[in-house]
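One structure below.
The values are calculated or read from the model by the stated rules, or taken from the named source; none is laboratory data. Computed from a predicted structure; not experimentally measured. For neighbour counting, all protein chains shown are included, and Cβ atoms are generated from backbone atoms with ideal geometry for every residue, glycine included. Accessible surface is based on the protein model in full, side chains and every heavy atom, while ligands, DNA and RNA are left aside. Shrake-Rupley method; radii C 1.70, N 1.55, O 1.52, S 1.80 Å.
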Amino acid sequence: MNLSKRLEKNCGKLIFDCTDEELFCGILKTVSELKTEQKNEKSKKKLYYISAEFLIGRLLECNLLNLGVYDEIKKILSDNGKDISRIAELEAEPSLGNGGLGRLAACFMDSVAHMGLEGDGVGLLYHYGLFKQVFADNKQHEEKNPWISENSIINKTEISYKTEFSDCTLTSRLYTIDIIGKNRTNKLNLFDIETVDESVAKDATEFDKTDIKKNLTLFLYPDDSDEAGKRLRLYQEYFMASNAAHLILEETIRRGGTPETLNEYAVVQINDTHPSLIIPELIRLLCECGVGMDKSIEIVRNMCAYTNHTILSEALEKWHADTVAALIPRIMEIIKELDRRVKTECQDKSLHIIDENSLVHMARMDIHYGFSVNGVASLHTKILKETELNNFYRIYPKKFNNKTNGISMRRWLSVANPRLEQFIVSLIGDGFKDDYLKLKELEKFADDDEVLQKLIDIKLENKIDLCTYIEEKQGRNINSNSVFDVQIKRLHEYKRQQMNALYLINKYLDIKRGILPKRPITAIFGAKAAPAYTIAKDIIHLILCLEDIISHDEHASLYINIFVAENYNVSWAERIIPAADISEQISLASKEASGTGNMKLMLNGALTLGTHDGANVEINSLVGDDNIYTFGDSSDLVIARYKKGSYKPSEYYEKDKRINEAVEYITCNKMLEVGDKTSLKRLQNELINKDYFMTFPDFADYTATKDRMLCDYEDRMAWARKMLINIANAGYFSADRTVAEYNKEIWKL
Ligand code: 26Q
């Protein structure tokens with residue numbers, strides 16, 4: 001049956017006569033039929049990518065694309081006066097992640113399926129996901145974020161297991177989401193509790209955190225929270241790990257394996273330490289099957305691999321042994337046994353799983369009892385080896401390896417920026433879709449003015465689209481002829497949104513003094529702050545207050561504007577990234593493990609304004625110094641400065657006029673008219689007296705580099721040439737490449 005007829009049948013009437021909702025359901029059905037027509041080859045070994053987060057974004061358009069019918073469906077719809085993007089907007093975005101780590105897991109699942117590998121994700125089905133961010137009084141407020149609906153993409157299964165805690169036994173229910181790739185369909189396995197009760201959550205933050213039987217799967221925990229929340233997080237982690245372990249064992253046996261041969265049938269990638277309890281849980285299950293302790297440990301060691309995503313020591317997960325023992329006593333016994341074995345071998349206390357304060361270090365357990373440890377960008381892995389995990393590296397040099405992150409080119413180019421993709425195809429054909437390194441062929445057009453002009457035109461069209469969307473969503477009128485300067489990522493002091501804000505204050509004050517930029521600037525932010533992370537919320541408050549002041553300043557707003565996207569998520573990113581000119585990647589060197597937004601923005605022709613951190617370093621090597629704007633202290637210098645403990649922000653505040661002026665402005669009368677004194681004062685104090693992430697030492701260089709960038713923007717052809725070089729070199733960051741490396745060196749499927 002041809003596609004048009006099939007869609008019509010699935011809608012139950014003529015496409016022309018359908019509402020967008022009816023078309024949405026019809027397309028879902030069509031996707032589901034097409035998917036079952038794929039052949040899914042079985043391999044002996046299967047990958048389980050276990051993660052507390054999968055920030056998958058809307059699926060409809062990507063699924064159509066991966067099934068190879070996107071263009072055709074789009075045409076059928078438009079021939080009938082329908083618009084595919086409007087229809088796609090009807091899908092609620094699953095809110096199953098905080099940021100980079102969750103989005104990476106989603107890109108990986110796409111690539112695993114695309115490459116025809118047998119690999120499923122395992123995680124939790126959070127009903128309200130991460131909170132929804134709402135702005136009022138120039139502040140962030142948090143609301144529930146329901147996303148599961150009637151005609152949702154999730155499928156209920158017959159699979160259910162028991163998870164035992166000291167105070168209750170929970171029954172799980174497995175739901176799945178299809179991960180449709182070009183070459184096969186895999187599954188995202190999301191476990192829920194049977195007894196979940198949405199009504200116990202009146203609010204996004206206020207609810208009975210002790211009623212585990214009802215609330216376990218209601219919320220995804222933000223990366224920072226209170227004590228009661230932390231206990232709930234441990235329940236979540238064990239529930240996830242235990243269900244994953246049961247699933248792996250059951251599937252292995254169905255595939256013809258045995259408990260003794262588990263590691264030949266399954267490999268587990270542990271996405272940061274949140275799923276680490278899978279190690280003792282698998283050992284427990286194997287022992288239950290009659291495999292002895294020594295053998296069980298060896299089997300598990302041969303099947304688990306750990307990815308580290310952070311070097312911030314405060315973010316490395318530790319649980320008090322008493323808490324673990326109180327909730328999951330049998331697991332604590334196993335962890336003690338694992339620790340006992342470590343202690344007989346190693347005297348060095350920094351290697352022990354349970355430290356002298358009775359804290360259980362999850363990452364240490366993963367490193368001792370897994371066969372692979374990887375960082376997510378080359379600088380990050382180097383810092384892990386040489387500094388943070390150096391003691392481990394010395395005893396297990398072979399376990400350590402780097403896997404530089406990647407992104408789904410299908411979502412971040414084909415779906416998000418069809419104009420650019422079509423133009424690329426017109427220049428070099430579509431062979432690059434099988435090997436994105438071939439984007440490099442674009443370099444031969446580096447001096448072709450017609451091609452460069454077309455890149456500028458595409459960027460402008462994308463900016464106009466974004467302006468229309470912003471107008472619809474938030475009622476702001478943005479000048480599409482301005483420079484779009486974009487910083488979109490979780491709000492964290494180390495990412496230094498505050499540095500960008502201080503720059504904007506200086507610029508605004510310059511404009512008031514009559515020093516005008518050559519072209520208007522629009523600073524675009526998107527960022528959620530963890531509800532309990534006070535300073536992060538103060539920084540959002542600062543930015544929203546500035547947005548308020550400037551947008552009401554009739555004269556200045558002709559030259560500078562701030563726009564903050566409310567409830568920044570994957571769908572926002574898909575609109576903002578294709579329209580970006582400047583990609584702000586300004587973390588304190590050594591603190592951003594990799595970043596992946598930097599890759600998405602580069603691919604879409606934004607130029608990076610960045611520190612020598614994370615994957616920025618690799619972007620720099622790929623495009624060369626002429627096509628990136630780097631600034632700031634090196635990671636070596638930063639690490640040394642921390643060691644010395646000699647940094648005094650007040651010295652910069654007193655000596656540097658620009659810093660002084662910007663920091664003073666935070667609590668000026670105009671700010672206090674629109675802002676909250678306590679919050680602004682607290683932030684100002686923090687900067688002057690602590691500035692833990694060293695904003696001030698990099699500030700002068702940041703300002704000079706950004707100004708140089710704005711100046712360079714005016715030579716439109718030279719700028720477009722840099723855009724082209726960036727796009728041409730983004731192929732290395734395809735998640736297909738990353739996944740191929742994981743498979744070759746770790747999973748061996
Ligand atoms: C920990 C304990 C309790 C509750 C929450 C957490 C928690 C949750 C999420 C800790 C960390 C995270 C998320 C970390 C994260 O997103 N890291 C990012 O990973 C990306 C993919 O590798 C990198 O590109 C980013 O550099 C890194 O910051």
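Shape analysis of region 462-727 yields a ratio of the Cα radius of gyration to the Kirkwood radius, Rg/Rh, of 0.93. Applying the criteria of a DSSP loop state and at most 14 other Cβ atoms within 10 Å to the GluC sites (Glu not before Pro) of region 192-286 yields 194, 206. Based on every Cα atom in region 72-203, Rg and the maximum pairwise Cα distance Dmax equal 18.0, 61 Å.
Projecting label points 7 angstrom from Cα along Cα→Cβ for residue 428 and residue 712 puts them 2.1 nm apart. Backbone N atoms of region 369-399 closer than 18 Å to the 7 Å Cα→Cβ label point of residue 640 belong to residues 383, 386-388.
Please list the equivalent ellipsoid semi-axes of region 1-81, computed as the square roots of five times the alpha-carbon gyration tensor eigenvalues, in descending order and whole angstrom.
Numbers: eigenvalues 169, 49, 23 Å².
Over the Cα atoms of region 1-81, the semi-axes work out to 29, 16, 11 Å.
Can you sort 78, 583 by solvent-accessible area, 1.4 Å probe, largest first?
78, 583
Beyond 23 Å in Cα-Cα separation lie the following of the pairs 644/690; 44/182; 139/706: 139/706.
Starting from the Cα gyration tensor of region 676-749, take the square roots of the eigenvalues, sort them a ≥ b ≥ c, and report rounded, prolate or oblate (rounded when a/c is under 1.5, otherwise prolate if a/b is larger than b/c, else oblate). Since a/c reaches 1.5 but b/c is at least a/b, the shape of region 676-749 is classed as oblate. Sorting 298-308, 594-604 by average packing, meaning the other beta carbons within 10 Å per residue, from highest down gives 594-604, 298-308.
With θ taken as phi - 60° and the Karplus curve 6.51 cos²θ - 1.76 cosθ + 1.60 applied, the whole-hertz 3J(HN,Hα) list for region 484-495 is 8, 9, 10, 10, 10, 4, 4, 7, 8, 4, 5, 7 Hz, x standing for glycine and proline.
Starting from the Cα gyration tensor of region 600-736, multiply each eigenvalue by 5, take the square root, and state the resulting semi-axes largest first in whole Å. Show your work: numbers first, answer last.
Working: eigenvalues 220, 77, 40 Å².
So the three semi-axes of region 600-736 are 33, 20, 14 Å.
Averaged over residues, the count of other Cβ atoms within 10 Å places the peptides 217-223, 87-93, 606-612 in the sequence 606-612, 217-223, 87-93, highest first.
Using the 1.4 Å probe convention, the accessible area of the chain works out to 37 Å² per residue with neighbouring protein chains retained.
A simple packing score, the average count of other Cβ atoms within 10 Å per residue, orders the peptides 492-502, 426-436, 354-364 as 492-502, 354-364, 426-436, with the highest score first. This model, with +1 at the C-beta of Lys and Arg and -1 at the C-beta of Asp and Glu, gives the chain a dipole about its Cα centre of some 1180 debye. Let me make sure I get this right: for region 311-368, a, b and c are the square roots of the gyration tensor eigenvalues over alpha carbons, sorted descending. Under 1.5 in a/c it's rounded, otherwise prolate if a/b > b/c, else oblate. Which is it? Oblate shape, in that a/c is at least 1.5 and b/c is the bigger or equal ratio. Across the cross-link table entries 187/398; 385/495; 187/230; 512/657, which are compared at the Cα atoms, the separations over 20 Å belong to 187/398; 385/495; 187/230. Close amide-amide hydrogen proximity is noted between residue 218 and 127, each under 5 Å apart and 5 or more residues distant or on a separate chain (H modeled in the peptide plane; Pro and chain starts excluded). Helices in the chain that qualify as membrane-span-like (whole DSSP H runs, Cα extent of at least 20 Å along the helix axis, mean Kyte-Doolittle hydropathy of 0.5 or higher) are 100-114, 534-551. Solvent-accessible surface of protein heavy atoms, probed at 1.4 angstrom with all chains present, puts 191, 135 in the order 135, 191, largest first. Partner lysines whose Cα lies under 17 Å from the Cα of residue 349, excluding those fewer than 8 positions away in the same chain, are identified as 318, 336. Cross-link reach is defined here as a Cα-Cα straight distance under 19 Å, omitting same-chain residues fewer than 8 places apart; for residue 42 the aspartates and glutamates meeting it are 110, 118, 120, 178, 250, 251, 264.
Evaluated with a Cβ-only charge set (Lys, Arg +1; Asp, Glu -1), region 80-186 carries a dipole of roughly 140 debye about its Cα centre, given to the nearest 20. Amide H contacts for residue 266 (H built 1.01 Å from N in the peptide plane; partners 5 or more residues away or on another chain; cut-off under 5 Å): 46. Label point of residue 356 set 7 angstrom out along Cα-Cβ; within region 618-657, no amide nitrogen lies under 12 Å from it.
For the chain, the square roots a ≥ b ≥ c of the C-alpha gyration tensor eigenvalues yield an a/c of 1.5 or more together with a/b not exceeding b/c, which makes the shape oblate.
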